[in-house]
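Structure record follows, encoded as structure tokens.
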Amino acid sequence: MRYLSTRGDATPRQFCDILLEGLAPDGGLYLPERYPRIDAAELARLRAVHASEGYAALAFEILSLYIDDIPAADLKAICDKTYTAEVFGARAIVPLKPLGDGFYLESLSNGPTLAFKDMAMQLLGHLFEYELARRGQQLNILGATSGDTGSAAEYAMRGKQGIRVFMLSPHGRMSPFQQAQMFSLQDANIHNIAIEGVFDDCQDIVKAVSNDLEFKARHRIGTVNSINWARLLAQVVYYFAGYFQATRGDAEQVSFTVPSGNFGNVCAGHVARQMGLPIARLVVATNENDVLDEFFRTGVYRVRAAADTLETSSPSMDISKASNFERFIFDLLGRDGAATRELFGTQLASRGYFDLSGDARFAQAAGRFGFQSGRSTHADRLATIRDVHERHGVTIDTHTADGVKVAREHRGRVPMIVLETALPIKFAETITEALGHPPERPARFDGIEDLPKRVTVLSADVEQVKALIVRYGKN
């Protein structure tokens, strides 16, 4: 399997090359040259593997379709080490919770940091350590987080040999619990950087550093955001696991609703659907920062300035530049790298938007690719949290509430699975507002907000971040 850039660079690269690289040299994102197709017989075989051997075995089967430069025995050992009941709280790893007839939550938040990002980040930590040891190299990981990516990355990478993490977050824009999870870590290889701005400013800095090819090479810069293909690939696995739990036969369809800001989580569903998983609809649920919903309704993708990015009670989705969206548009445009580069590298950079409403291919977003969308507000979140708690005895977090609200508007005749994004304790203030009492807190996180903090506050300046990497990183 070889990988190419969404902006046209087709230089042959293998999985482990792009694992450590992040963005492509031309500024694009990596995708496989083709999506492996899974027919009915293979889907039945994968169902049997999942049923008899569990999630780790399913992960190995899916990952093996895309990774052929790691020996099979080593890749299997990495999957077995990653997806354990001890790490994720249950043998099923991602069990379904029923919320009425044919309506499910897929539990993705039982990992070390209580967010779905653990599902991929735990694997990424082991892959990084394995490949760096194999090459005898070091890596300085630069990432941006709106809340959950940061803690998931840091908990996965803490103490790992040859790895240092520089994690950017928007200063004061995460929940107190999210901040405490990250800033309380005292590991020498973890560096938290709070940027005076919004998440998009953090993400822009990561891309700017990655696009400085000389600096990136000299300081061994890698990424853990979902611009890293390996992370997105790991997320493909739980779409298969959710499908197998919600269905009995391999001709049945399901739909998924995915709370989405950066488009990485739902892009993994797009990949699964392109592989042949019988997904009827992929429903994108946004909060008030509804850039993605606007596109799927109108064909116009219009990013917002920092001043126009709203601060909401589902803060991990307070994003107005969905970096993974480029992967889907590349597929929508028939994998035309030049056209994708024109949209993202030229029009978006110069005008702040692009418009596909008059392009016949835009209709394929819903038709051929199955996408639908909707939005949710703070009032919707409160009402949904109350309703789910009263009717089903289940407490959901604010982002999952956005998903449930939008999913209910798109119910069809097939099972609907909402991807859970985090446990409610991460957003206790809003849960208390909705229910009148705080959510349950895992004992291991008691008092986390009172622990000493280790964080550096910087302005939204690329050069300041580079200077910090030079000071603390290794090449």
Study note, to complete from the structure: With the 8 Å Cα cutoff and a minimum separation of six or more residues, region 50-129 has a relative contact order in percent of 22 percent
Review point. Region 400-457: Rg/Rh from Cα coordinates, Kirkwood Rh?
Key: 1.14
Practice item. Enumerate the lysines that Lys321 could reach by cross-link, defined here as Cα to Cα under 16 Å, with residues fewer than 8 away along the same chain left out. Key: Lys207
Exercise for review: Pairs to check: Lys97/Lys160; Lys81/Lys474; Lys97/Lys426. Give those whose C-alpha atoms are more than 25 Å from each other in this structure.
Suggested key: Lys97/Lys160; Lys81/Lys474
Point to revise | Approximate spin-label separation Phe215-Arg413, in nm, with each point projected 7 Å along Cα-to-Cβ | key: 5.6 nm
Study note, to complete from the structure: Relative contact order in percent for the chain (Cα pairs under 8 Å, 6+ apart) equals 20 percent
Exercise for review: State whether region 322-475 is rounded, prolate or oblate according to the following rule on the C-alpha gyration tensor (a ≥ b ≥ c being the square roots of its eigenvalues): a/c under 1.5 gives rounded; otherwise a/b larger than b/c gives prolate, and the remaining case gives oblate.
Suggested key: oblate
Review point. About its Cα centre, what dipole magnitude does the chain give when the only charges are +1 on Lys and Arg Cβ and -1 on Asp and Glu Cβ, stated in debye to the nearest 20?
Key: 660 debye
Revision key, fill the gap. Neighbour-count ranking for Leu292, Leu185, Leu333 (other C-beta within 10 angstrom, fewest to most) reads Leu333, Leu185, Leu292
Review point. Kirkwood-based Rg over Rh for region 218-341 (C-alpha set), two decimals?
Key: 1.00
Practice item. Give me the Debye-computed log₁₀ of I(q)/I(0) at q = 0.15, 0.19, 0.23, 0.24 Å⁻¹ for region 269-352, equal point scatterers on Cα only, no solvent, two decimals. Key: -0.64, -0.98, -1.24, -1.29
Practice item. Report, in debye and to the nearest 20, how large the dipole of region 80-223 comes out about its Cα centre when Lys and Arg carry +1 and Asp and Glu carry -1 on their Cβ. Key: 440 debye
Review point. Remind me, what semi-axes does region 32-149 give for its equivalent ellipsoid, largest first in whole Å, using sqrt of 5 times each Cα gyration tensor eigenvalue?
Key: 25, 21, 14
Point to revise | Prolate/oblate/rounded call for the chain, Cα gyration tensor, a/c under 1.5 rounded | key: rounded
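Just rank Ser260, Ser175, Ser169, fewest to most, by other beta-carbon atoms within 10 angstrom. Don't skip to the end; give the middle numbers.
On the way: Ser260 31, Ser175 22, Ser169 26.
In order of increasing Cβ crowding within 10 Å: Ser175, Ser169, Ser260.
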Review point. Toward the positive end of the charge dipole of region 373-439, about the Cα centre and with charges on Cβ (Lys, Arg +1; Asp, Glu -1), which of Ala379, Val394, Pro415 goes farthest?
Key: Pro415
Review point. Would you list Thr298, Thr309, Thr247 from fewest to most Cβ contacts within 10 Å?
Key: Thr298, Thr247, Thr309
Point to revise | Furthest towards positive pole of dipole, Ser146, Pro438, Ile469, structure part the chain, Cβ charges | key: Ile469
Point to revise | region 71-127 and region 398-475: distance between their alpha carbon centers, rounded to Å | key: 17 Å
Revision key, fill the gap. Where a ≥ b ≥ c are root eigenvalues of the Cα gyration tensor, a/c under 1.5 meaning rounded, otherwise prolate if a/b exceeds b/c and oblate otherwise, region 92-228 counts as prolate
Study note, to complete from the structure: With only helices counted (DSSP H, runs n ≥ 4, each -39500 (n - 2.57)), the per-residue ellipticity at 222 nm for the chain, to the nearest 500, works out to -12500 deg cm²/dmol
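Laboratory data are not the source of any read-out in this text; all were calculated from the coordinates shown. Keep in mind that this is a model prediction, so the values were computed, not measured. Note: ideal-geometry Cβ built from the backbone for every residue, glycine included; neighbour counts use all protein chains shown.
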